[in-house]
1. Which cross-chain or sequence-distant (5 or more) residues have an amide H under 5 Å from the amide H of residue 134, H modelled 1.01 Å from N in plane?
2. Excluding ligands and nucleic acids, what accessible area in Å² is computed for residue 322 using a 1.4 Å probe, to the nearest 10?
3. Enumerate the calculated ³J(HN,Hα) couplings along the range 192-198 in order (Karplus 6.51 cos²θ - 1.76 cosθ + 1.60, θ = phi - 60°), each rounded to whole Hz, writing x wherever the residue is Gly or Pro.
4. With θ set to phi - 60° and the Karplus curve 6.51 cos²θ - 1.76 cosθ + 1.60, what are the ³J(HN,Hα) couplings of the range 305-317 in order, to the nearest whole Hz, using x for Gly and Pro?
5. Counting Lys +1, Arg +1, Asp -1, Glu -1, what net charge surrounds residue 256 among other residues with beta carbon under 13 Å of its beta carbon?
6. I need the phi-derived Karplus couplings for the range 112-128: 6.51 cos²θ - 1.76 cosθ + 1.60, θ = phi - 60°, integer Hz, Gly and Pro marked x.
7. So, counting K/R as plus one and D/E as minus one, what does the shell of residues with Cβ under 13 Å around residue 339 add up to?
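The values are calculated or read from the model by the stated rules, or taken from the named source; none is laboratory data. Please read all numbers here as calculations on a predicted model, not as lab measurements. FYI the Cβ positions are ideal-geometry reconstructions off the backbone, even for glycines, and counts take in every protein chain you see. SASA here: full protein model, heavy atoms, side chains in, ligands and nucleic acids out. Shrake-Rupley method; radii C 1.70, N 1.55, O 1.52, S 1.80 Å.
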Amino acid sequence: MFESQTAIASSHSPHLRKPGSKSVSSDLGAGEPGNSVQEGYVFPLTVGEMKASNSPMHTTSIMPSPIFLWRFKVIWFLIWAFTCCKIGWDSVMRMSADLRDLFLYEAFLYYNPLLLVTMMVWLWGVCLWVFSQSTINYAKIFDLDSNHLTHREIWKSSIWMTVIVPTSMTAYLYLYSHGEVALAASQPVILYVAVALVLIFPFDIFYFSSRYFLLRTLWRIALPLQPISFPDFFLADILTSMAKVFSDLERSVCRMVHRQVATIAWFEADSVCGSHSVAIPLVLVIPYIWRLLQCLRQYKDTKEKPTLSNALKYSTAVPVIFLSALKYHVSPDRWTYVYRRLWLFSSVVNSLYSFYWDITRDWDLSVFTRIFKFNKPSLCTNLFYGRRWVYFWVIGSNLILRCTWTYKLSAHLRHNYLTVFMVTAIEMLRRFQWIFFRVENEWNKITKSGFQIPMVDMPREEEKLLGSTNHNV
């Protein structure tokens, strides 16, 4: 049988057929009755053809459809969210009624900063998506290279943060309510250490270039010893809206250092890690001091007087923060009749000044024309383009939120942690809508002046002409 198969194979392969050998059809007597080869008969493959058929080029891979994958991920996400909510609720209900509020207060303190950071990452991804739908080239505005993160990559990072942070919080609630105090105390510590390691990880994984760009910008913000670029003061403005996040972060780290995690050793009047701590106003004022120093550095480089007015705006936040903190260090009568009135006056001045600067300088909304010039048809095209009601909404909401913004800066008002969380989240939403107009205004300056930032061969920051009015901070 082996010889017959070899003969059949050799008859179809000129490389295996012997000289003078007949084909299969001649061996079987083609044309003779009963010996004809049936039409459509598939002959065995040669050795080379068999290898070729087993190669990856000839294998067909079956991949699920994108819609199926999306539905599968959504289902698993809903299952995970329901599981976390169920475990968290049952864990809280296991606590006694007198300790339940303190238990939630402490848990919220540790995870509140990272939850708000996760929210801001989501919002930044939305901003990049809107910019990609419009004619605004944000890569040129922020001096980004071709490897910068898109909105899809930002959303991937935010999805991981959305999963990891609540999962750690659920584990904390479950372990503490079931008596595993040591394991519960380790959950926020492990999470904070992991986040810090991911940010400073020196290897080329997990968006290394973007992490380096972020850390370098933060370093330039903390030490404004060089000319100020647009990403520097743009990120610094966002950090001012996240001042409460830094304050809670300081209190969380303070409790971790003093080993007070998962102990409910919570005293509101604690002068070390409580609301009476001197470190709270100091941490709250840091983003405004950074921004103030940036304005002074900008004036040194450009000699433009509006930068001094901008510096004055950030300086008005300082009395709001420290006058509020004085409530815990002066007598009640002195606070009520002296410092409280000064605090109210400074709050009004800061809110109105900041609102005026947003409208006239950051956004330049003196003419109601448009929001974006969209180059791709989308929902935003019909919703925003040329609609004056959007401008009225943004101006009105910005005024209201600027006034409520002082709530999060005032230590003596921060007793209800859920209310403070909501106020901080709303402030971040105000900053979210501020980003659209600020970036569009900057793009208008670039296009009107004809100044183009090259996509390749970026000039060094020291060589940029920061004396122009293209980047008026």
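1. Residues meeting the criterion, in which the H sits 1.01 Å from N, are 375.
2. Its accessible surface works out to 80 Å², give or take rounding.
3. Residue by residue, the range 192-198 yields 5, 5, 5, 5, 5, 5, 5 Hz.
4. 5, x, 5, 5, 5, 5, 4, 5, 4, 6, 5, 5, 6
5. 0
6. In residue order, the calculated couplings are 4, x, 6, 5, 5, 5, 4, 4, 5, 5, 4, 5, 5, x, 5, 4, 5 Hz.
7. Result for the local shell: +3.
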